[in-house]
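In what follows, a single structure is set out as structure tokens and then discussed.
Just so it is clear, none of the values below were taken in a lab; they were calculated from the coordinates. All values derive from a computational prediction rather than experimental measurement. Please note: Cβ atoms are built from the backbone with ideal geometry, for glycine as well, and neighbour counts cover all protein chains shown.
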Amino acid sequence: MRSRAKELIDRFLQRASGGRILYRGPADVRRVALTFDDGPDKLTPRYLDELGRLGVPATFFVVGRDVELHPGSISEYLRGGHQVAGHGYMHRRFPRLTPGALRDQLAKTARALGPVPHERWVRPPHGALGPIDTAVLLAEGHTVAMWSLDSQDYDRAAPEVIAARCGPDRVRAGEVILFHEGQEETLAALPLVVEQLRGAGYELVTMADLFAR
Ligand SMILES: [Zn+2]
């Protein structure tokens with residue numbers, strides 16, 4: 001699920017980029033960010049209802065093309081107090097794009113989202129980052145929002161299993177937890193995830209808030 005070596009590399013990249021490539025928030029405050037990739041889709045209203053009921057601000061990384069297919073979704077995310085940012089226009093891996101194609105995908109995603117707070121934040125599809133695309137992202141002023149703990153909720157595990165993967169025994173202060181939209185199992189796991197983290201004294205915040213100093 002995560003290795004010590006990867007954690008060391010992530011920490012190095014976060015520091016070397018001057019905080020422009022983000023993996024894990026400050027360890028001295030008991031705060032955690034829940035993040036959701038790949039929306040919007042037909043389950044988005046239910047994710048927003050559930051998070052609203054739980055009183056949890058989260059961060060959504062959305063696919064530009066799917067935002068165009070779900071007009072009004074961006075204002076719904078924002079109305080819920082959530083952070084929203086781009087996750088590619090076609091969900092193509094950034095290292096496979098030429099710099100020109102990457103810039104084009106970023107511009108189309110920005111157009112689809114419209115003006116949002118933290119509009120230069122981006123999460124690369126599949127978490128794929130190479131040297132050239134990373135240089136393009138940083139040169140264009142983007143903040144690259146990665147994660148520190150993968151719930152692996154794409155394997156269709158039961159809600160209890162997903163929740164156990166991000167239980168207090170695995171989570172540390174500053175954790176950025178990766179989930180996905182569009183999945184009934186993830187939706188059903190949310191109350192469990194939130195209850196156990198709050199029970200362990202964690203405050204749940206947006207990713208921008210987690211890294212704000
Ligand atoms: Zn994705």
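Which FRET efficiency, nearest 0.05, do residue 111 and residue 43 yield, Cβ-Cβ r, R0 35 Å?
On the way: r = 24 Å, r/R0 = 0.70.
Once rounded, the FRET efficiency stands at 0.90.
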**Request:** Please name which of 191, 40, 17 has its Cα lying farthest along the dipole of the chain towards the positive end, using unit charges on Cβ (Lys, Arg +1; Asp, Glu -1) and the Cα centre as origin.
**Result:** 17
**Prompt:** Once amide H atoms are placed 1.01 Å from N in the peptide plane, what residues at a sequence separation of 5 or more from residue 143, or on another chain, have their amide H within under 5 Å of its amide H?
**Reply:** 121, 122
**Message:** Show me, for region 132-141, the HN-Hα J-couplings you get by feeding each phi into the Karplus relation (A = 6.51, B = -1.76, C = 1.60, θ = phi - 60°), rounded to Hz, glycine and proline as x.
**Reply:** 6, 5, 5, 4, 4, 4, 5, 5, 7, x
**Asked** When the Karplus curve 6.51 cos²θ - 1.76 cosθ + 1.60 is applied with θ = phi - 60°, which whole-Hz ³J(HN,Hα) does each residue of region 159-168 get, with x for Gly and Pro?
**Response** x, 5, 5, 4, 4, 5, 5, 10, x, x
**Fill in**
With a ≥ b ≥ c from the Cα gyration tensor eigenvalues, square-rooted, and the rule rounded for a/c under 1.5, otherwise prolate when a/b > b/c and oblate otherwise, region 55-213 is prolate
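Treat every Asp and Glu Cβ in the chain as -1 and every Lys and Arg Cβ as +1, leave all other atoms uncharged, and give the resulting dipole magnitude about the Cα centre to the nearest 20 debye.
Computed about the Cα centre, the dipole is about 720 debye.
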**Asked** Once phi is turned into ³J(HN,Hα) by the Karplus curve 6.51 cos²θ - 1.76 cosθ + 1.60 with θ = phi - 60°, what whole-Hz value does each residue of region 32-40 show in order, with x for glycine and proline?
**Response** 9, 10, 8, 10, 10, 9, 5, x, x
**Message:** 5 Å is the cut-off here: which amide hydrogens, built 1.01 Å from N in the peptide plane, fall below it relative to residue 36, excluding neighbours closer than 5 in sequence?
**Reply:** 59, 60, 61, 179
**Item:** Likely footprinting exposure, 209, 37, 133, fewest C-beta neighbours within 10 Å first
**Value:** 209, 133, 37
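Please state the relative contact order of the chain as a whole percent: Cα pairs under 8 Å, 6+ residues apart?
Working: 400 pairs, mean separation 68.8, N = 213.
Worked out over the chain, it gives 32 percent.
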